[in-house]
Amino acid sequence: MRQVFSVSELTGKIRQLLEQHLPRVWVCGEISNRRAQNSGHIYFTLKDGLAQLNCVLFRGEPIAHRELLEDGQRVVLQGDLSVYEPRGQYQLIVHQAELQGVGALQLAFEKLKQKLQAEGLFDPHANVPSRRIPGGSAWSPPHRRRLAGCAACHPPTPFAP
């Protein structure tokens with residue numbers, strides 16, 4: 001005989017399994033999407049190259065240097081896994097945090113940003129206004145050489161005056 005669960009029943013069972021079989025875990029990764037709330041809670045995502053984990057640091061948790069938990073910071077966290085049932089998402093409720101320095105994802109982002117800056121892509125004086133193309137698209141002349149291979153995808157269209 002099959003057993004049919006409601007979504008909330010199944011989510012509750014998953015929460016029970018996580019909390020019973022994975023108590024207090026240590027996990028390392030890089031912080032991203034950090035959001036500090038007016039309540040004093042801090043929400044963020046812990047990532048590595050292959051996965052991500054939602055985390056919450058509650059206001060009352062006595063963690064030293066909580067203000068240093070910023071995007072790009074590599075950390076080792078200790079906490080309890082739980083399920084936030086209204087969304088059906090598992091999360092880590094953080095109890096301890098150890099700073100490890102700037103993470104690899106942040107370093108890669110900064111390297112790419114520097115490369116693009118060297119190409120002048122962030123220079124406000126180098127920006128050329130886009131011209132309107134009939135049909136709602138825009139074409140920016142300095143990027144024409146980069147998009148030369150797209151001619152087959154988008155047939156040439158005369159520029160609007």
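Considering the conditions (1) among the charged types (D, E, K, R); (2) touching a His at 6+ places or on another chain (Cβ under 6 Å); (3) not in a loop (DSSP other than H, G, I, E, B), K111 is excluded by exactly one of them, (2). Taken over region 107-138, the criterion of being at pLDDT below 65, surrounded by fewer than 12 Cβ atoms within 10 Å (Cβ to Cβ) and among the polar types (S, T, N, Q) is satisfied by S137 alone. Filtering region 1-13 to residues that are touching a residue at least 40 places away in the same chain (Cβ under 8 Å) and either surrounded by 16 or more Cβ atoms within 10 Å (Cβ to Cβ) or acidic (D, E) (or both) leaves only T11.
Scanning region 22-60 for residues that are closer than 17 Å to Q89 by Cα and without any contact (Cβ under 8 Å) to a residue 24 or more places away in the chain yields Y43, T45, A51, Q52. Residues of region 28-54 that are in contact with a Gly (Cβ under 8 Å, 6 or more places away or on another chain) and among the β-branched types (V, I, T): I31 alone.
The single condition from (1) in a strand (DSSP E or B); (2) surrounded by fewer than 16 Cβ atoms within 10 Å (Cβ to Cβ); (3) in contact with a Leu (Cβ under 9 Å, 6 or more places away or on another chain) that N33 fails is (3). R74 passes every criterion in (1) over 30 Å from K13 (Cα atoms); (2) touching a Lys or Arg at 6+ places or on another chain (Cβ under 6 Å) apart from (2). Among residues of region 61-85 being farther than 14 Å from Q96 by Cβ and part of a loop (DSSP other than H, G, I, E, B), the one that is farthest from the chain's Cα centre (by Cα) is E85.
The values are calculated or read from the model by the stated rules, or taken from the named source; none is laboratory data. Given the structure is predicted, the values throughout are model-derived calculations rather than measurements. Heads up, the Cβs are rebuilt from the backbone with ideal geometry, glycines too, and the neighbour counts pull from every protein chain shown.
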